[in-house]
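First up is the structure itself, then whatever we jot down about it.
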Amino acid sequence: MSNNAPSLLYYFEHMFLRDSTFGSPDFLNLLKGDIDKVNQGLITNFNKIKENPNYDFIDKEIILAEDDFHIEKVKFENELEMVVIKCPVPQKSPEATYIGIVTSDTPRYFTCEYESKEETKQLYPEKEWAPEYILCEWVQKEHKNYGKIAETKEAFIEGVRKLISNP
């Protein structure tokens, strides 16, 4: 196994779903439609990737909880819609707690990323270090970091609302 291998969860959240959002009009159309159909598709694709022996991931043995990849739609005041995906509990930085996909003709892909502070904990083991959550966006293959937010779905949605309201 490669030392640079991502976790399965990171790959699914930051590569597979991101690339599907930007590269598959069919996936984006599914998100614009009945999202009840999307949830099972996410789980199916996650499990296919997990079971594929050609992938070299760390933490490949993750087991999904019943509410992982729970999906809902949010409508913003400017008529934009965002699909919010609740992700499995992150174990490593920078896995995500939530993904937000703005389903406009020019989609936007946001993440609420878990920052474990592992490096800081190793440098200063005598201190208490709580994890932090960072609002981020993928613009195609470029990663943008907008700063700390609370780990809640409401804080994530509000952070995205502010970003898309004030471009």
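Coordinate-derived values only; no laboratory data. Just so it is clear, the structure is predicted and the values come from calculations on it, not from any experiment. Cβ atoms come from the backbone with ideal geometry, glycine included; neighbour counts cover every protein chain shown.
Toward the positive end of the charge dipole of region 8-165, with +1 on the Cβ of Lys and Arg and -1 on the Cβ of Asp and Glu, the farthest Cα among 39, 55, 107 is that of 107. Only one item in (i) 20.4, 74; (ii) 22.6, 68; (iii) 16.1, 51 matches Rg and Dmax of the Cα atoms in Å derived from the coordinates shown, and that item is (iii). Taken over region 70-113, the alpha-carbon convex hull comes to 59 cubic angstrom per residue. Under 5 Å from the amide H of residue 111 lie the amide H atoms of 100, 136, 137, 138, each residue being 5 or more positions distant or on a separate chain, with H modelled from the backbone and absent for Pro and chain starts. The Cα center of region 30-84 and the Cα center of region 133-167 differ in position by 19 Å.
Derived scalar couplings between HN and Hα for region 65-77 equal 7, 4, 9, 5, 6, 5, 10, 8, 9, 10, 10, 8, 5 Hz in order, rounded to whole Hz, by the Karplus curve 6.51 cos²θ - 1.76 cosθ + 1.60 (θ = phi - 60°), x for Gly and Pro. Its Cα centre serving as origin, the chain has a Cβ charge dipole (Lys and Arg +1, Asp and Glu -1) of approximately 280 debye. Volume per residue of the convex hull around the Cα atoms, evaluated for region 1-68, comes out as 93 Å³.
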